[in-house]
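Quick notes on the structure that follows.
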There are 2 protein chains.
Amino acid sequence: MIIYMMRKFVSGCVRNLSRYRSLSASQSRYLSSTSVLDFPSSASSTMASAPPSKSSAPVTVENINPKVVKCEYAVRGEIVTVAQKLQQELQAKPGSHPFDEILYCNIGNPQSLGQQPITFFREVLALCDHPAILDRSETQGLFSADAIERAWQVLDQIPGRATGAYSHSQGIQGLRDAIAAGIEARDGFPADPNDIFLTDGASPAVHMMMQLLTRSENDGILCPIPQYPLYSASIALHGGTLVPYYLDETTGWGLETSELKKQLEAAKSKGITVRALVVINPGNPTGQVLSDENQRDIVEFCKQEGLVLLADEVYQENVYVPEKKFHSFKKISRTMGYGEGDISLVSFQSVSKGYYGECGKRGGYMEVTGFGADVREQIYKVASVNLCSNISGQILASLVMNPPKVGDESYESYSAERDGILSSLARRAKTLEDAFNQLEGVTCNKAEGAMYLFPRISLPQKAIKAAEVANTAPDAFYCKRLLNATGIVFVPGSGFGQVPGTWHFRSTILPQEDKIPAVVLRLTEFHKGFMDEFRD
Amino acid sequence: MIIYMMRKFVSGCVRNLSRYRSLSASQSRYLSSTSVLDFPSSASSTMASAPPSKSSAPVTVENINPKVVKCEYAVRGEIVTVAQKLQQELQAKPGSHPFDEILYCNIGNPQSLGQQPITFFREVLALCDHPAILDRSETQGLFSADAIERAWQVLDQIPGRATGAYSHSQGIQGLRDAIAAGIEARDGFPADPNDIFLTDGASPAVHMMMQLLTRSENDGILCPIPQYPLYSASIALHGGTLVPYYLDETTGWGLETSELKKQLEAAKSKGITVRALVVINPGNPTGQVLSDENQRDIVEFCKQEGLVLLADEVYQENVYVPEKKFHSFKKISRTMGYGEGDISLVSFQSVSKGYYGECGKRGGYMEVTGFGADVREQIYKVASVNLCSNISGQILASLVMNPPKVGDESYESYSAERDGILSSLARRAKTLEDAFNQLEGVTCNKAEGAMYLFPRISLPQKAIKAAEVANTAPDAFYCKRLLNATGIVFVPGSGFGQVPGTWHFRSTILPQEDKIPAVVLRLTEFHKGFMDEFRD
């Protein structure tokens, strides 16, 4: 039974939650190791201990691609599966649990929690989906004039106005022009539409770059710890090695180039060729916004070391503190005088984040600069195998980079919607940050940006022992207890990586404001009870 | 210069077009080899001869993932790049070429050539994009009543009616229920919504299965030759081996299990573990529709040999001859009495094909049956890393599997649109088929289904020699000449694979009917001139 459970955990999403007790390699990772070059690779060997599937089936977990088995993705992992089960039970039998709803704080999915879409964007999308109504008089009454005008503009950029056709594999030329114009307006430096690759959200763009850069397990990618697990998952799927660098929690999740240098050298000494550096700014799961100076250091480091800078900038519109401002890495590098020939830089953007939070539309792009024409041709080829990204997502990406401007009919309502969402997010971030800091043994850095808080929790030894008995990581033990007691879904820190021996959880700031008091109240009560139960 | 060109071709999309002359390994493939286990792999070794990129750039074609370099995708390859250039020249300088427009017959992209979307589908999509108008009185005048009703139904299936939220990673449960109901109605056998994985078009689903099944180059996938190059590209990207089986042109692109058996044994003798068989039905690029008997043989073969049957059924609604009918492989296997435990079967479907041709929406699904729960969990995990497919595509997939029914307000206009498209496609297929068969040295099988014809062309020795001098494959030479003379874009057979020493091209049947006479006339004139020029 224990072996079966091991296999189940190992083959499921949140494998690492279970490795704490059973697997000495993983144990050392949680407790003491600082050399975590093997971060994503320790799972594979454990598969040998799994019992075989029924032998008649040609495909079993034992004979599929081990890179798939190795890959982990905690954001939709075991804890979410449990939450969904609880939700079904609540629906089938109200009152069956000590809470009346599940409060999903596990994923940056704002509209699933009641955030309303930006009206202007949806008007344009609807009109582009059914252009036959553009000329009808009823349409004037239903849609704003500038949405109608924008829809015509978008359609005119699409050959044959065919929103149902595959586009150019990088995306529709006219929409890329609009996005490049938006980037120029943001940065004050030129952007080339031919550098834009539109993708179904940012995830496929990250996969494309990992696929391009990874030849074998000897190729490494420097990733922050904690990190958004898309990176570890993608590196595992493409057979590379995650080279971790630690963000410094004591300086508000600071990113020190001395740490980058140290980890790069450690990787080199193990025969790893480090190809790229991933930076997530604003941070996920950590919520910090990098300073210009820090960004300049990072650019300089990548230039000196010949690394591709993979800049996850999907939270560029989510900054909540007046003292910080988002600057793209392209802007920073151009400000330093570095151009196309000096640094290879990829910036990822998504329509899923920002104030709009249009996760279901799967729009996004990457801006690819500083690569030779022959390498770009290879990226284009891989994009072309999948033909193109979805056209609604492409249109939306062009809209978020070029929202209504002062003087447009929709400007006032648009900016009211945008500011309402952003100011509410800032309030929610502050309320949750304060609440976390009130909890015994919990410290939480400031939420400067993005959609998350990543508080640190000092768990009593008795709780750590209990987790061990339950065959789970201590932070996962805490999160599962919390879920079962309150319906609140946090993701354990072990899903993102953390300094060994420390424990965290990630909470989004996304529940609607009227739900926040309930989150705080239920969490605070639970935490007190938990600490009372396990206090050493 | 020649080396540069070689590198350019080798690193571009249609590498194989150039290998004819320069590369002996490839040459043997075109001319004499029948053992093509190395089908997609012959390019890699040639990369060594390419000159290095400027050494200062950290990323060069020489140090990226060789699997990416190896991958080829002819449908959007070099010939299309040339066509786009010609189109730009025509726009900039009308009259600069001996034709006034480019006639794209290279890709199954109906709406790019003027096919109009199905009104009902677009009405529902527009309403789901902007549900705020559902209650407005003007909406009644603009949209059909059943589209409004369907939009409400769809929205009620989405938690919180949030079309802007990430969904379950397999797709929205209620939409999967609807798709499963559509499959049941089609097949007369039960379908389980939990077997459905919604994807951004069929391509990502194919990639997921290739990724799952491929551990190393010693894992093989049986693919038809000719094949849709997504398969060779995906196998190359995931590092597996394409094991070819040849369709028999003389029996209307028949699929003989004796050939499957022969190629399977040949692969085994080379140490290849064959994991799966790809069948494309209706065929791409070949347009044939398999008989029930043939399908039963294929199912039996997969069961006996323990192969996963990967059934590309995206053209299931595109059948043009009364004597043939589409049957899904799931229906066939269930009719034979084989259930979940007997055969591992994946069926791919897409909203890009059918009569609706909604390529830009990137909707599709795979129905995954006959895998253990643990393997299914792995497939789910990989899907979850990318969060979900786009919601508009998900909605559309549910609509195409459940179009308006008799009695619905839209039924009459819907079925008129559908039948108009399908009967026109049948006429276009017949006209082109007849035209091809009129050309000297050209034979063309019947277009029973899908969207393509794949005529065989006997090229004079003098043309083959001229192609050799031009450093290109003979069929690519013909297609380039055709493009430059007429603006017609066909894809050379070498992009799909063909029996060595034979030459083909693929033409879609998709130009609108009023363009077909021009295609026939221009092609016929060109062909006569070409044959006159090169007749031995």
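The values are calculated or read from the model by the stated rules, or taken from the named source; none is laboratory data. Since the model is a prediction, treat every value here as computed from it, not as a measurement. Neighbour counts are summed over all protein chains in view; Cβ atoms, including those assigned to glycine, are modelled from backbone coordinates with ideal geometry.
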Test: residue in the stretch A:425-448 that is in contact with a Phe, Trp or Tyr (Cβ under 9 Å, 6 or more places away or on another chain) and among the polar types (S, T, N, Q): yes
Given (1) crowded, with 16+ Cβ neighbours inside 10 Å; (2) under 18 Å from A:Q170 (Cα atoms), A:A373 misses just (1)
Taking the residues in the stretch A:139-169 that are more than 11 Å from chain B (Cβ to nearest Cβ) and of a type in the set (D, E, K, R) as candidates, determine which candidate is surrounded by the most Cβ atoms within 10 Å (Cβ to Cβ). A:R150
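Table: residues versus (1) in contact (Cβ under 8 Å) with a residue 40 or more places away in the chain; (2) over 21 Å from A:Y338 (Cα atoms); (3) among the aromatic types (F, W, Y).
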{"residue": "A:L255", "(1), (2), (3)": "yes, yes, no"}
{"residue": "A:V274", "(1), (2), (3)": "yes, yes, no"}
{"residue": "A:N281", "(1), (2), (3)": "yes, no, no"}
{"residue": "A:V289", "(1), (2), (3)": "yes, yes, no"}
{"residue": "A:R296", "(1), (2), (3)": "yes, no, no"}
{"residue": "A:F301", "(1), (2), (3)": "yes, no, yes"}
{"residue": "A:V308", "(1), (2), (3)": "yes, no, no"}
{"residue": "A:E313", "(1), (2), (3)": "no, no, no"}
Within the stretch B:355-373, the residues that are at pLDDT below 95 and not aliphatic (A, V, I, L, M) are B:G372
For A:S112, indicate whether it is surrounded by fewer than 17 Cβ atoms within 10 Å (Cβ to Cβ) and touching a helix residue (DSSP H, G or I) at 6+ places or on another chain (Cβ under 7 Å). no
Residues A:V400, A:V406: which one is among the β-branched types (V, I, T) and under 24 Å from the mean Cα position of the chain (by Cα)? A:V400
Can you confirm whether A:V278 is modelled with pLDDT of 95 or more, among the β-branched types (V, I, T), in contact with a Gly (Cβ under 6 Å, 6 or more places away or on another chain) and crowded, with 24+ Cβ neighbours inside 10 Å? no
Of all helices (runs of 4 or more DSSP H) fully inside the stretch A:273-389, the set with 3 or more residues that are in contact with a Ser or Thr (Cβ under 8 Å, 6 or more places away or on another chain) is A:292-305, A:373-385
Hey, B:Y356 hits all of (1) within 7 Å of chain A (Cβ to nearest Cβ); (2) farther than 25 Å from B:I298 by Cα; (3) touching a Phe, Trp or Tyr at 6+ places or on another chain (Cβ under 7 Å); (4) not charged (D, E, K, R) but one; which does it fall short on? (1)
Out of the residues in the stretch A:421-479 meeting the condition of being free of Cβ contacts under 8 Å to residues at least 12 places away in the same chain and of a type in the set (D, E, K, R), tell me which one is surrounded by the most Cβ atoms within 10 Å (Cβ to Cβ). A:K465
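Given the criteria out of contact with any strand residue (DSSP E or B) (no Cβ under 7 Å at 6 or more places or on another chain), over 24 Å from A:P110 (Cα atoms), at pLDDT 95 or above and among the small types (G, A, S), does A:A435 qualify? Outline the logic, then answer.
Details: out of contact with any strand residue (DSSP E or B) (no Cβ under 7 Å at 6 or more places or on another chain): yes; over 24 Å from A:P110 (Cα atoms): no; at pLDDT 95 or above: yes; among the small types (G, A, S): yes.
No.
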Per the filter on the stretch A:59-87, residues more than 7 Å from chain B (Cβ to nearest Cβ), under 22 Å from B:G220 (Cα atoms) and touching a strand residue (DSSP E or B) at 6+ places or on another chain (Cβ under 9 Å) are A:N63
All helices (runs of 4 or more DSSP H) inside the stretch B:171-247 with 2 or more residues being surrounded by 22 or more Cβ atoms within 10 Å (Cβ to Cβ) and within 14 Å of another protein chain (Cβ to nearest Cβ): B:203-213, B:230-237
Looking at this structure, is B:A383 of a type in the set (A, V, I, L, M, F, W, C), over 22 Å from the mean Cα position of the chain (by Cα) and more than 7 Å from chain A (Cβ to nearest Cβ)? no
Taking the stretch B:388-420 as the search range and keeping residues that are surrounded by fewer than 16 Cβ atoms within 10 Å (Cβ to Cβ) and of a type in the set (A, V, I, L, M), which one is nearest to the other protein chains (Cβ to nearest Cβ)? B:A416
Tally of residues being of a type outside the set (A, V, I, L, M), closer than 18 Å to B:Y166 by Cα and touching a residue at least 24 places away in the same chain (Cβ under 8 Å) across the stretch A:82-126: 13
What's the number of the only condition in (1) surrounded by fewer than 22 Cβ atoms within 10 Å (Cβ to Cβ); (2) of a type in the set (F, W, Y); (3) within 12 Å of chain A (Cβ to nearest Cβ) that B:F99 fails to meet? (3)
Report yes if some residue within the stretch B:513-534 is buried (at least 18 other Cβ atoms within 10 Å of the Cβ), of a type in the set (S, T, N, Q) and more than 19 Å from B:A466 (Cβ to Cβ); otherwise report no. no
What are the residues in the stretch B:248-260 that are surrounded by fewer than 22 Cβ atoms within 10 Å (Cβ to Cβ) and either touching a helix residue (DSSP H, G or I) at 6+ places or on another chain (Cβ under 7 Å) or not in a helix (DSSP H, G or I) (or both), if any? B:D248, B:G252, B:G254, B:E256, B:T257
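Looking for whichever is in the same structural domain as A:R428 (by TED's automatic domain parsing), surrounded by fewer than 22 Cβ atoms within 10 Å (Cβ to Cβ), at positive phi and not in a helix (DSSP H, G or I) here; the options are A:G497, A:G501. Which one fits? Talk me through it step by step, then tell me what you get.
Values: A:G497 fails: surrounded by fewer than 22 Cβ atoms within 10 Å (Cβ to Cβ).
From the options A:G497, A:G501, the qualifying one is A:G501.
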